[in-house]
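Each reported figure results from applying straightforward, stated rules to the coordinates on display, with no laboratory input. The shown structure was predicted, so the numbers you read here are calculated from the model rather than taken from an experiment. Here the Cβ is made from the backbone with ideal geometry for all residues, glycine too, and neighbour counts use every protein chain on show.
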Amino acid sequence: MTRKATAGKATLFGLRIAALLIAGGLAAGCSNQGNAQPSWTAQPDTSAAASSAGSTGTPGSAASDPAAGAATAGPTTGGPTTAPASPGPGATASAWKTFSDPGKTVSFELPEEWIAQSLSPEEGTLAGALRIEVKKQDGTFVAALRTGLPPSASECAEAARRPYTVVSSVPVEVPALAGEGTIAPHVVFRVIQGYRYFGSYGITNIVGGADGQACELRNVVRGPDGKGDYSFGDVGALKAFAPDEKVAPAKAYDTLDQAAKYVAESAEFANVQRMLMSLKIKN
């Protein structure tokens, strides 16, 4: 009996030691993984090796939508919902550069090999408006920054509303006008449901829609008085496209899980998100 009790205690002690070793190994693995590639933070370092990961989410359940209600650091939604925030991939571009317009009114970081090009602003924009397109080195469109946009509103009939999901939402510090129908600015990736799941990334401070449904999800920030609104994303407004409509540069998925996987695992999204988070606008 004494030998059995002694052996039992030794086994229990060994299991405790093994558990501690496993926990230590996991912690070391996380540390090594963080050093393996550059990543980003909500306010990214201007160096090529900015350090910590941001927050994304995957479909699950929550109570409110940070792009249409409470502004939180992690993603939540008001319709089809998202799970608690979890780290996404680090930005993988090995070197970054900073773009600034000649008047130094806007600036943002982008991967060294990407191209930022100034174009003529659209008709109807305010004086001093800018339009800057970002493309990959092969010419693939990534995002457009548009400033000096006139305020606009759109009607949304009950029958035209579609369920939407906020897959990723991270607060960002940019100038914005607070008021009815707005929240604190967020960099978001949202999906609206049609014949497929259509996804889009951008910066917004405009409420998405009531009860997790909307006619369109606008990647627009209400700018300070006299400055106009501005947009930085792949499309200015995301909607449920018809089968005969062109979807690009928005994205389309067969399932919500595919959209969540793009956010959680795609190096492209990690780089885009860091770029959007780095936006600076002179008041």
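Points worth noting:
- With a Förster radius of 22 Å applied to the C-beta separation of Ala267 and Phe141, the computed FRET efficiency comes to 0.80.
- Residue-span extension gain [Cys156 to Glu122] - 0.36 nm each, minus C-alpha spacing: 9.8 nm
- Shape category assigned to region 130-196 from the gyration tensor of Cα positions, a/c cut at 1.5: oblate
- Rounded if a/c under 1.5, otherwise prolate or oblate - region 204-249, Cα gyration tensor axes: oblate
- Here the gap between Ile115 and Lys280, fully extended at 0.36 nm per residue and compared with their Cα-Cα distance, gives a gain of 57.6 nm.
- Two-site FRET efficiency, Glu180 against Ser94, from Cβ-Cβ distance with R₀ of 45 Å, rounded to 0.05: 0.50
- C-alpha center-to-center spacing [region 175-247, region 93-149] in angstrom: 19
- 10 Å-binned pair-distance histogram of region 102-259 (Cα, whole percent): 10, 38, 37, 14, 1
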